[in-house]
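Data block below; observations after.
The values are calculated or read from the model by the stated rules, or taken from the named source; none is laboratory data. On a predicted model such as this, the values are computed, not experimentally measured, just so you know. So basically every Cβ, Gly included, is an ideal-geometry build from the backbone, and we count neighbours across all protein chains shown.
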Amino acid sequence: MSDFALSSGLSGRSFRMRIAETLRRLLRDWFDPYRPELHYMRGPGPKWHEKHAQEAPSASPDFPGLYEPR
């Protein structure tokens, strides 16, 4: 056994278990299908629409003669 393992009080088995647990957590985090950012974003609300309201485009363009409404 190495001097580090003996001085830190880690046996080979507990060291391997800690590495295995770390790898297990990494794999769980990398492949976790739950993505909350895909669920809670619903888009702008009524206050946003009120603030950013624009006039509806007119039926006829600003260029007379190019389009005659029926």
Review point. Residue check, SER60 against (1) at pLDDT below 75; (2) loosely packed, with under 10 Cβ neighbours inside 10 Å; (3) of a type in the set (S, T, N, Q), all met but one. Which one?
Key: (2)
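Here's the yes/no breakdown for (1) assigned to a loop (DSSP other than H, G, I, E, B); (2) at pLDDT 75 or above; (3) among the β-branched types (Val, Ile, Thr):
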position	(1), (2), (3)
SER7	no, no, no
LEU10	yes, no, no
ASP29	no, yes, no
PRO33	yes, yes, no
MET41	yes, no, no
PRO44	yes, yes, no
HIS49	no, yes, no
GLN54	yes, yes, no
GLU68	yes, no, no
